[in-house]
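One structure below.
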Amino acid sequence: MVVKDGALLANGMPQFGAELPDDDVEAIRAFVADEARFIAATK
Amino acid sequence: MKLRNAFIIAALALTGASAPDEHWTSYGRDASEQRFSPLDQINVDTVAQLGLAWRFDMRDGRGVEATPLEVDGVLYVTSAWSVVYALDATNGKPLWEFDPAVDRAVGARACCDAVNRGLAYRDGRIFVAALDGRLIAVDAKTGTQIWATQTLDGGNWPYVITGAPRVAGKLVLIGNSGADLGARGYVTAYDTDTGKLAWRFFTVPGNPANGPDHAASDLIMAKVAETWAGEWWKQGGGGTVWDSITYDAALGQVYIGVGNGSPWNRQVRSADKGDNWFLASIVALDARTGEYRWHYQATPGDTWDATATQSIILADATVAGKPRKVLMQAPKNGFFYVIDRRTGKLLSAGNIVPMARTADTPKGAPISWAYGIDIKTGRPLENPEARYPGNTRVMVHPTGMGAHSWQPMAYSPKTNFAFIPAQDYAATFQADPQYQPIPNARASGLMPGGGIPQDNALRSAIAKSVHAKLIAWDVAAQKAAWTLDYAFAGNGGVLATNGNLVFQSGADGIFRAINAVTGKLMWTFDAQATAMGGPITYRIGGTQYIAIAIGNGGAHWLAGGLSSPQRKALPTGRVLVFKLGGSLVYDRTDTAPDPVNPPEPVTSDKAVLGRGAEKYGVFCAACHGFGGISGQVLPDLRRSPVAGDA
């Protein structure tokens with residue numbers, strides 16, 4: 001919703017629905033989650 | 001490396017339309033933009049008594065980049081979303097607030113947050129440029145709007161405005177931003193009384209098929225177009241005038257600092273040919289008509305986001321025994337230039353960060369885009385490898401964040417030093433042969449960056465490779481007189497005073513007073529956030545005040561989390577004002593980053609994670625941090641529950 005549908009447009013965040021297919025959005029989410037797990041493991 | 005030249009510059013003095021000693025009436029205090037105040041009550045002997053006098057909290061917590069103004073006892077300052085506050089300059093009492101009600105969706109077009117760097121003043125009117133492109137005149141006493149005009153009618157590009165307008169006689173000038181996303185730059189002058197357009201100057205040529213622009217730039221544009229190739233107009237060409245505009249009353253000129261190309265990569269932008277006037281240049285224009293007079297291009301054929309939009313400071317100088325009117329600038333590209341304002345001729349140059357030939361650079365270290373300046377031609381001596389020809393991938397410095405970014409430098413005629421908030425970043429450049437523009441994403445023409453290896457030792461080493469310092473630059477000698485090292489990049493602008501002090505706020509949130517002659521640290525205050533714009537000073541009723549507007553903002557704080565202190569931004573922007581004997585207690589705010597609650601594993605497939613890192617680099621990193629590491633101004637997605645719902 002946030003990336004594709006512009007749920008945070010009112011905060012000035014772009015809407016990337018047309019440029020980002022669902023599998024790319026999922027890949028971004030996986031990358032961010034992986035980074036989160038990394039800092040959780042090393043803090 | 002020091003560049004030798006035949007000139008000796010000495011005894012520089014204040015010039016241009018000056019402000020009364022006690023006030024700060026324009027962005028750089030007066031038209032010279034020196035950010036030097038003649039006030040000296042706060043000096044090297046008294047500064048230890050400096051304390052907080054009052055504080056004002058803004059409504060919004062987004063980035064603050066403003067330099068305040070002080071006129072007749074009123075302090076004017078802007079916050080994010082172009083909101084203007086008028087405060088009693090002695091005690092912070094709010095007098096009025098002007099909110100231009102910017103549509104928040106416009107923020108999607110802003111490369112580096114919804115920031116605003118400041119205001120202009122003339123004859124009882126405050127001028128603010130709103131993020132959405134309106135230039136607005138406001139009654140300085142009441143905050144009532146007098147007139148407003150939409151300035152973003154120069155083409156269908158993703159423009160915004162974050163810069164401060166400047167007054168030049170009876171005109172008020174403003175440019176805009178957008179070259180990082182793809183835009184065509186221009187600057188426009190409006191009548192201060194009516195808001196009527198007086199002249200406009202485009203900085204790069206448009207599509208030849210569209211004919212002339214019917215602008216002041218038409219007279220020079222055919223010659224400008226000869227320096228471009230290919231179909232440059234498809235992404236606008238760039239060259240936005242997003243920060244520095246300096247008025248020279250003595251010569252009837254204005255100097256505009258012109259930004260980077262759209263896209264960054266000249267191979268894509270201009271078939272890898274031509275100097276691409278007036279990208280990365282200082283252009284002198286007739287202040288009354290906007291007609292071209294001369295230009296100096298610091299980075300011909302820019303291909304590294306090497307803007308020349310940084311502070312343009314005017315001074316009168318004795319050069320080789322002759323009086324000369326000069327300007328000085330330290331653009332992003334790592335050099336410091338002294339230029340004759342009458343002719344545009346380069347008088348001297350020196351590098352403010354280490355620059356070397358590729359052959360003299362240790363293997364594996366970033367290479368310099370240039371290793372010197374030919375003082376006769378004024379052109380850089382480039383390392384050709386730095387242009388990443390073909391499919392090469394090179395680490396180049398200094399790059400996009402700039403050896404000196406927009407944070408204003410100051411100049412003291414007492415010491416003949418320029419005080420430069422300097423830093424040295426390297427970045428990887430490789431052309432993207434498949435590049436296609438994406439709306440609201442970086443127009444770089446480069447291969448997207450991926451993630452940063454999950455190795456804390458390596459990450460620490462990368463962070464430490466970013467060097468930042470305050471440089472006291474001896475203008476005559478073209479070398480550093482002293483430097484003050486910082487642990488992080490993204491430090492604030494500078495104020496110099498007749499009290500032999502310079503003031504600067506660090507990315508660590510510490511506000512500092514430093515001996516202007518020796519570089520000795522004299523006083524500190526833990527503000528918990530950075531004054532990105534410059535501090536100002538003014539005097540009311542015999543008391544000298546120092547004011548800062550704090551709230552981390554700008555490209556470094558959004559994208560450069562790896563080299564930031566990982567401190568969460570304050571809940572709102574603030575104005576802090578100091579005086580000798582000030583005793584207001586400053587309550588501390590918890591700025592620890594949000595806790596980490598990682599979502600369940602989505603996948604451990606390395607190919608998917610790699611693609612995610614690449615797409616994150618294209619769509620997310622500019623605001624949420626390279627490699628997923630936020631500067632803690634906009635949400636750190638690793639710490640956000642939103643990461644579970646993309």
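The values are calculated or read from the model by the stated rules, or taken from the named source; none is laboratory data. Note that the coordinates shown come from a computational prediction; the quantities given were computed from them, not determined experimentally. Every residue, glycine as well, gets a Cβ built from its backbone with ideal geometry; the counts of neighbours run over all protein chains shown.
Against the numbered list (1) surrounded by fewer than 19 Cβ atoms within 10 Å (Cβ to Cβ); (2) touching a residue at least 60 places away in the same chain (Cβ under 8 Å); (3) within 14 Å of another protein chain (Cβ to nearest Cβ); (4) among the charged types (D, E, K, R), B:D636 comes up short only at (1). With respect to the conditions (1) more than 21 Å from B:W557 (Cα to Cα); (2) surrounded by fewer than 18 Cβ atoms within 10 Å (Cβ to Cβ), B:P595 lacks only one, and its number is (1).
Taking the criterion of being touching a Gly at 6+ places or on another chain (Cβ under 7 Å) and not polar (S, T, N, Q), the residues of segment B:350-366 that qualify are B:I352, B:V353, B:M355.
Residues of segment B:80-107 that are in a loop (DSSP other than H, G, I, E, B), small (G, A, S) and within 14 Å of chain A (Cβ to nearest Cβ): B:A101 alone. Only one of the listed residues (B:A461, B:A487) is in contact with an Asp or Glu (Cβ under 7 Å, 6 or more places away or on another chain), small (G, A, S) and within 30 Å of B:V394 (Cβ to Cβ). That residue is B:A487. Could you tell me whether any residue of segment B:142-158 is crowded, with 24+ Cβ neighbours inside 10 Å, away from chain A (no Cβ under 14 Å) and outside any loop (DSSP other than H, G, I, E, B)? There is no residue in segment B:142-158 that is crowded, with 24+ Cβ neighbours inside 10 Å, away from chain A (no Cβ under 14 Å) and outside any loop (DSSP other than H, G, I, E, B). Taking the criterion of being of a type in the set (A, V, I, L, M, F, W, C) and closer than 20 Å to B:T530 by Cβ, the only residue of segment B:15-46 that qualifies is B:W24. Residues that are in contact with a strand residue (DSSP E or B) (Cβ under 9 Å, 6 or more places away or on another chain) and outside any strand (DSSP E or B) do occur in segment B:457-469, at least one of them. Among the candidates B:L95, B:L75, B:L52, the residue that is among the hydrophobic types (A, V, I, L, M, F, W, C), buried (at least 23 other Cβ atoms within 10 Å of the Cβ) and in contact with a Leu (Cβ under 8 Å, 6 or more places away or on another chain) is uniquely B:L75.
Return yes or no: is A:A10 more than 14 Å from B:G612 (Cβ to Cβ), assigned to a helix (DSSP H, G or I) and more than 7 Å from chain B (Cβ to nearest Cβ)?
Considered against the rule, which asks whether it is more than 14 Å from B:G612 (Cβ to Cβ), assigned to a helix (DSSP H, G or I) and more than 7 Å from chain B (Cβ to nearest Cβ), A:A10 comes out as no.
For the criterion of being at pLDDT 95 or above and either buried (at least 21 other Cβ atoms within 10 Å of the Cβ) or among the aliphatic types (A, V, I, L, M) (or both), B:T289 fails. Please give the number of the condition B:P593 fails out of (1) in contact with a Ser or Thr (Cβ under 9 Å, 6 or more places away or on another chain); (2) more than 10 Å from chain A (Cβ to nearest Cβ). Every listed condition holds for B:P593 apart from (2). Among residues of segment B:602-619 being within 7 Å of chain A (Cβ to nearest Cβ) and in a loop (DSSP other than H, G, I, E, B), the one that is surrounded by the fewest Cβ atoms within 10 Å (Cβ to Cβ) is B:T603.
Only one of the listed residues (A:D34, A:D23, A:D5) is out of contact with any strand residue (DSSP E or B) (no Cβ under 6 Å at 6 or more places or on another chain), under 14 Å from B:V602 (Cα atoms) and more than 7 Å from chain B (Cβ to nearest Cβ). That residue is A:D23. Against the definition (small (G, A, S), within 23 Å of B:A549 (Cβ to Cβ) and not in a helix (DSSP H, G or I)), how does B:A164 come out, yes or no? For B:A164, the condition - small (G, A, S), within 23 Å of B:A549 (Cβ to Cβ) and not in a helix (DSSP H, G or I) - is met.
Any chance segment B:336-346 includes a residue that's assigned to a strand (DSSP E or B), in contact (Cβ under 8 Å) with a residue 12 or more places away in the chain, in contact with a Lys or Arg (Cβ under 7 Å, 6 or more places away or on another chain) and surrounded by fewer than 19 Cβ atoms within 10 Å (Cβ to Cβ)? Yes, there is a match, as at least one residue in segment B:336-346 is assigned to a strand (DSSP E or B), in contact (Cβ under 8 Å) with a residue 12 or more places away in the chain, in contact with a Lys or Arg (Cβ under 7 Å, 6 or more places away or on another chain) and surrounded by fewer than 19 Cβ atoms within 10 Å (Cβ to Cβ). Is there a residue in segment B:460-473 that is of a type in the set (S, T, Y), at pLDDT below 95 and on the phi < 0 side of the Ramachandran plot? Within segment B:460-473 (the criterion being of a type in the set (S, T, Y), at pLDDT below 95 and on the phi < 0 side of the Ramachandran plot), the answer is yes, since at least one residue qualifies. Annotation: B:G627 fulfils all but one of (1) part of a loop (DSSP other than H, G, I, E, B); (2) among the small types (G, A, S); (3) within 14 Å of another protein chain (Cβ to nearest Cβ); the unmet one is (1).
Yes or no: B:S460 within 14 Å of chain A (Cβ to nearest Cβ) and hydroxyl-bearing (S, T, Y)?
yes
Between a first residue in segment B:537-565 that is farther than 21 Å from B:R117 by Cβ and a second residue that is surrounded by fewer than 24 Cβ atoms within 10 Å (Cβ to Cβ) and of a type in the set (D, E), which pairs have beta carbons less than 9 Å apart while being 6 or more apart in sequence or on different chains? Close Cβ pairs satisfying both conditions: B:R539/B:D21; B:R539/B:E22; B:I540/B:E22; B:Q544/B:E22; B:Q544/B:D40; B:P565/B:D508.
For B:V575, state whether it is over 26 Å from A:V25 (Cα atoms), under 24 Å from the mean Cα position of the chain (by Cα), buried (at least 21 other Cβ atoms within 10 Å of the Cβ) and more than 10 Å from every other protein chain (Cβ to nearest Cβ). Considered against the rule, which asks whether it is over 26 Å from A:V25 (Cα atoms), under 24 Å from the mean Cα position of the chain (by Cα), buried (at least 21 other Cβ atoms within 10 Å of the Cβ) and more than 10 Å from every other protein chain (Cβ to nearest Cβ), B:V575 comes out as yes.
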